[in-house]
1. For region 179-203, how many residues meet the condition of being without any contact (Cβ under 8 Å) to a residue 12 or more places away in the chain and in contact with an Asp or Glu (Cβ under 8 Å, 6 or more places away or on another chain)?
2. Given Thr165, Thr112, Thr105, Thr169, which one is under 20 Å from Leu279 (Cα atoms) and β-branched (Val, Ile, Thr)?
3. Taking Gly183 as meeting all but one of (1) surrounded by fewer than 13 Cβ atoms within 10 Å (Cβ to Cβ); (2) closer than 14 Å to Lys144 by Cβ, write down the number of the exception.
4. Would you check if Ser291 is of a type in the set (Ser, Thr, Tyr), out of contact with any His (no Cβ under 6 Å at 6 or more places or on another chain), surrounded by fewer than 16 Cβ atoms within 10 Å (Cβ to Cβ) and modelled with pLDDT under 95?
5. I'd like to check something: does region 246-254 contain any residue that is open to solvent by less than 10 Å² (accessible area, probe 1.4 Å), in contact (Cβ under 8 Å) with a residue 40 or more places away in the chain and under 30 Å from Trp392 (Cα atoms)?
6. Considering each of Thr112, Thr105, Thr169 in turn, give the residue that is of a type in the set (Val, Ile, Thr), surrounded by fewer than 17 Cβ atoms within 10 Å (Cβ to Cβ) and touching a Leu at 6+ places or on another chain (Cβ under 9 Å).
7. Looking at Ile234, is it among the β-branched types (Val, Ile, Thr), within 26 Å of Lys194 (Cβ to Cβ), at pLDDT 90 or above and not in a helix (DSSP H, G or I)?
Amino acid sequence: MKTKHQQRVIGTRSQNDRKKKKISVRRTCSLLLGLLVICWTCIFVKPLLNQYDRSKNLDIISLLTDNFNNSTENDNENNANLASSRIQDKKLLFILGAGRSGTSTLAGLFITSNIYYGGNRLKSASEYNKKGYFEDEDLVDQNKFMVNDQKFREFLPLKFPFNNTLAITKKRTNENGYFDKGGRDFLNRIHLFKKNEDVNATLHSTFVVKDPLMSITLPTWLEFLEEKPVVLFIHRHPVDVARSLRQRNAYIISNQGLVYSIGYNQNSIQNAIQAGLCLISTSYYNVMNDSLNEVRWIVAELQTKCNVEPSIPISSIESALVDRFVDHGLRHDFEKPKILEDRECELDDWGLRSYKEANLVDKNQHNGIFFTAMKIYCDIENGKAFEKEYEWPEVNKMKRKE
């Protein structure tokens, strides 16, 4: 049995031993640190010392400074090359298609998710597009002025077509300040973007532009843009377009909505193909029903086929970014046409039924306008409408199958 005195002595010895061990560890660490300093001096400093010329009073500090300056110059040169490459790669992306087909949804997805740049002059939201139109105000004002100048009728785009040749002539002669209604300001912003002088877009490679009227006026704009844009076309069932238009404008009858869909789809595709633009097509229903996968597919297609670079990696496009914008309650799940072996559609099997379901039946439900709209929609779905030799059917010339 140890006495309290012996226990205290033993305890004191243990504390002393621990103190000695700590001192020993510290000395060891100091020696190792010293060795590291010596090694670093031999590896990095000695080569500089060998360059030191005492006869010329060359200061070693200047050697270090020169090395740093050379490195900085190389970095600046690399950054300049990257900036130059970014400027050269800057693209314009035009979203074309009929109104009420999902053009605003697409543009909004791209801009709010920071996938592409949309500019700083976007039209505000309204009761019809509560999340926003994502249209450049100056572009919209100029397009409206041009179509009104020719008394272009929006819901009869084929009967009263827009004359792009006339518009180009008036722009060149600046008749009555023809392009001063917003067009010059829009073109100037595009120019600044291309030159990487838009401070809000230095990290963006693609400027996305959306206005349904651009489907009609595209040839006019192509005359004055610095380079050709890329086109993303979106389409929707013509009956669905007609129903949406009627909800927005009660005075529109069913056939007007169908003609509207025909005219804008035809102009979008024809104008893009005739100009030799890179064209990617999507569907309103794919965007609404499978938003994330469809957006990723669109961005990948634009990147690989049209050299349109997104501002963020495709892998960074997540459902949280997409779902916060897409209103899935707006979906209308019309049955897609049945494509036969010859790429034709069973028009009566799906078209007329969907027409009746949309409560758009009137006395002309079997007329040529309806079947023309169905035929074009079918050929967009099966890809025929994108062929250069495709013959667009004339309105009122198609009849119901007996």
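The values are calculated or read from the model by the stated rules, or taken from the named source; none is laboratory data. Note that the structure is predicted; figures quoted are calculated from it, not measured. Glycine also receives a Cβ, built like all others from the backbone with ideal geometry; neighbour counts cover every protein chain displayed. Calculation scope for accessible area: heavy atoms of the full protein, side chains included, ligands and nucleic acids excluded. Shrake-Rupley method; radii C 1.70, N 1.55, O 1.52, S 1.80 Å.
1. 1
2. Selected residue: Thr105, the only one of Thr165, Thr112, Thr105, Thr169 that is under 20 Å from Leu279 (Cα atoms) and β-branched (Val, Ile, Thr).
3. (1)
4. When the stated conditions are applied, Ser291 does not pass them.
5. yes
6. None of the others qualify; the one that does is Thr112.
7. Considered against the rule, which asks whether it is among the β-branched types (Val, Ile, Thr), within 26 Å of Lys194 (Cβ to Cβ), at pLDDT 90 or above and not in a helix (DSSP H, G or I), Ile234 comes out as yes.
This table checks each residue for (1) open to solvent by 50 Å² or more (accessible area, probe 1.4 Å); (2) assigned to a loop (DSSP other than H, G, I, E, B); (3) at pLDDT below 90.
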{"position": "Leu321", "(1), (2), (3)": "no, no, yes"}
{"position": "Glu335", "(1), (2), (3)": "yes, yes, yes"}
{"position": "Asp348", "(1), (2), (3)": "yes, no, yes"}
{"position": "Leu352", "(1), (2), (3)": "no, no, yes"}
{"position": "Lys375", "(1), (2), (3)": "no, no, yes"}
{"position": "Glu389", "(1), (2), (3)": "yes, yes, no"}
{"position": "Glu394", "(1), (2), (3)": "yes, yes, yes"}
{"position": "Arg400", "(1), (2), (3)": "yes, yes, yes"}
